[in-house]
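A short write-up of the structure that comes next.
Taken together, the values in this text are just the output of simple stated rules run on the coordinates, not laboratory data. What you see is a predicted model; the values in this text were computed from it and never measured. Don't worry about glycine lacking a Cβ; one is built from the backbone with ideal geometry, like all the others, and counts go over all protein chains shown.
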Amino acid sequence: MEGLPLAQTERLFRQVGRQSWFDMRIFTSAFVILALIAFFAVAWYARPRLQERVPNSLANVIVVGFVCVFLLLAFTTLAFTWKIINTELIMQADFGVEMATAFQVGSSAALLATSYVVAGFIRQGIQRVIRGRDAFSKHQTQVMVRVAQVCVYVVGLTAVLGVWEVDITGLLVGAGFLGIVVGMAARQTLGSLLAGFMLMFARPFEIGDWVIIEEEEGIVTDISIVNTRIQTFDGEYVMIPNDIVGGSTIINRSRKGRLRLEVDVGVDYEADVERAAAVAKEVMREPDDVLAVPSPQVVTKELGDSAVVLGLRFWIDKPSARRKWRAKTTVINAVKEAFDREGIKIPFPQRELSGREETGGFRVAEERERAREFGATADGGATDGGTTDDGPTDGHVNDGGPESDDGGDER
């Protein structure tokens, strides 16, 4: 005001005095809103800088605390400005009761904030201790952090209930009965939880490993306390409960960072097997996906129906389905071209057919036909009209009567 002439200063005061009370409230509200926007901008800018100096949880509590206080002051100012809160109500209030309630609210907020800060310190402490150690995976670290934070929050919530003088004895008894009921109703879920903790410490596989569990084969994409998620090579996501995973045979194809593959090829019996094995072994060294150490091997597996079967064994690193099939395709094509070039035949399935001379069975059939021609019975009886294999004939049948040769008395 010192730089303004006296006449201009008096004119400004007269203009302000002519403003209505409604216009002053609008002016005050606009000022408070602009102050809020500026404060939020400063808090957003200062929070990353503050996190560089103190732990993240403490920085968050400080920023949130200042924001809450500023918001409380801003809303109180607006409430008084627009006469939402009457000063007479404040003067007539019972300060004893209000102070006790305010103390409980403040203590509860402080306890919750302290729990949040302590949980943040625990998280950073666990990560700092485990960092750089191969004994614990990222999933195990997250599980330990979550368990520790839950314990801290439970203690903080218990303290808050104590501040409000809530009897937790009944809550503990109810929680006990509830735990029994839930345990009986959700045995499979609890079994999955326990199996999840066992998998966490046993570590049969990690995220990104190529595994076979039960009949499912694929890449592990997520491991939780309850289940394990696998992405198959067909692009399907399979959720397997951890209790099934824990009780199944697990094949981890990428555990050691390399995988041995085998391709069977047959060569003709007339071919030189040793030469074919040498050619295949030399060809397997050429593809880039095949490791030089351990070196490829060729073994004679069996004498098949149509060919001598050779097993082509080679190794790949960083196993994956794509690398597996690419390496197999390259080796098969290379061996086929090399065998064609060297004149080594890969035979088609073959089958030999042969006959045999007549045996006694054919002669027995001829004797039976001869016996029929002479009218002999099947059991050796000799009559012209006997019973044959085809049924009774028109002749007389010998039934052992008086006129038979051996059954009647001569007269």
Per principal axis, largest first, the Cα atoms of segment 306-358 extend in Å by 64, 25, 14
Sparse-neighbourhood loop sites, trypsin sites (Lys or Arg not before Pro) in segment 98-180 - DSSP loop, at most 10 other Cβ within 10 angstrom: 131, 133
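What ranking do 288, 264, 209 get, fewest neighbouring Cβ atoms within 10 angstrom at the top? Can you show the working numbers first?
On the way: 288 8, 264 12, 209 18.
So the residues, fewest neighbours to most, are 288, 264, 209.
Test of the criteria: in segment 297-360, which GluC sites (Glu not before Pro) are in a DSSP loop and have at most 15 other Cβ atoms within 10 angstrom of their Cβ? Provide the component values of the computation, followed by the final result.
On the way: sites: 302, 337, 342, 352, 357, 358; in loops: 352, 357, 358.
Counting only loop positions with at most 15 other Cβ atoms within 10 Å, the GluC sites (Glu not before Pro) in segment 297-360 are 352, 357, 358.
Tell me, what is the FRET efficiency for residue 173 and residue 262 to the nearest 0.05, using R0 = 60 angstrom and their Cβ-Cβ distance as r?
Numbers: r = 63 Å, r/R0 = 1.05.
FRET efficiency, residue 173 to residue 262: 0.45.
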Using alpha carbon positions and the Kirkwood radius, the Rg to Rh ratio of segment 258-342 is 0.97
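Order these peptides, 50-60, 222-232, by their mean beta-carbon neighbour count within 10 angstrom, highest first.
Working: 50-60: 15.3, 222-232: 18.0.
So the order, starting with the most tightly packed, is 222-232, 50-60.
Mind pulling the per residue volume of the convex hull built on the Cα atoms of segment 203-252? Å³ is fine.
Each residue corresponds to 65 Å³ of Cα convex hull volume.
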Check which residues have an amide H placed less than 5 Å from residue 222's amide H, if you skip close sequence neighbours. 229
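May I have the convex hull volume per residue, in Å³, for the Cα set of segment 166-227?
Working: hull volume 7.2 nm³, N = 62.
Per residue, the Cα convex hull of segment 166-227 comes to 116 Å³.
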I want to check the label-to-label distance for residue 50 and residue 333. Put each point 7 Å from Cα in the C-beta direction and report it in nm to one decimal. 6.2
What is the gain in length, in nm to one decimal, between residue 198 and residue 306 on full extension, counting 0.36 nm per residue of separation less the C-alpha to C-alpha distance? 33.8 nm
Per the rule of 0.36 nm per residue minus the C-alpha distance, extending residue 221 to residue 326 adds in nm 35.5 nm
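Which ordering of 256, 328, 345 is given by a fewest-first count of other beta-carbon atoms within 10 Å? Spell out each step's value before the answer.
Details: 256 9, 328 18, 345 15.
Fewest-to-most Cβ neighbours within 10 Å comes out as 256, 345, 328.
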